[in-house]
Amino acid sequence: MKSDARVLSRPIGTQTYGDRGRGDEGRRPAGKARVGPEAPCVCCGEWGGIMARGLRERCYSRWRKNGRLGRWPLLRKQAVYELEREFAIQRAREYEALRIGPGGLSRKRACIVLDVTTRTAYRYEAWLRAEAEARR
Ligand SMILES: [Zn+2]
């Protein structure tokens with residue numbers, strides 16, 4: 001599972017999921033950059049076609065290369081799952097603890113250990129992510 005290894009290379013809650021596109025890459029002409037209309041870049045104010053996160057193409061790739069793209073928030077609002085009950089929050093923390101670290105479990109295994117569905121796992125992840133975002 002190549003993709004799994006990449007996801008787990010960063011602690012849960014610090015990952016960003018917004019740059020993968022919307023699954024319609026297949027219809028896009030090959031090699032064509034996903035650049036939107038021209039606007040001032042959020043980091044430098046220079047005008048250019050906006051790539052994502054309010055960054056123009058050049059800045060986007062620069063921030064991506066130095067691994068600090070997360071510094072610029074996603075402009076499209078992500079769905080936020082609110083964990084209300086104390087118990088659910090505690091479970092989300094247990095889930096996080098199982099997933100991260102060198103011996104971290106896969107999502108599937110963590111679900112088995114905690115006896116939750118993958119849907120619940122996705123909700124925990126969404127909540128942990130929103131929480132990490134708020135702490136930044
Ligand atoms: Zn810029």
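Taken together, the values in this text are just the output of simple stated rules run on the coordinates, not laboratory data. Since the model is a prediction, treat every value here as computed from it, not as a measurement. Neighbour counts are summed over all protein chains in view; Cβ atoms, including those assigned to glycine, are modelled from backbone coordinates with ideal geometry.
Computed over the Cα atoms of region 86-135, the ratio of the radius of gyration to the Kirkwood radius (Rg/Rh) comes to 0.95.
Taking Cα pairs under 8 Å and at least six residues apart, what relative contact order does region 78-136 come out at, in percent?
Details: 34 pairs, mean separation 24.3, N = 59.
This gives 41 percent for region 78-136.
Here each label is just a point 7 Å from Cα along the line to Cβ, and for Arg109 and Glu86 those points are 3.2 nm apart.
Per residue, the convex hull around the alpha carbon atoms of region 40-116 comes to 135 Å³.
Nearest 0.05, what FRET efficiency do Arg68 and Arg34 give at R0 = 30 Å with Cβ-Cβ as r? Approximately 0.90, to the nearest 0.05. Amide H contacts for Cys43 (H built 1.01 Å from N in the peptide plane; partners 5 or more residues away or on another chain; cut-off under 5 Å): Arg56.
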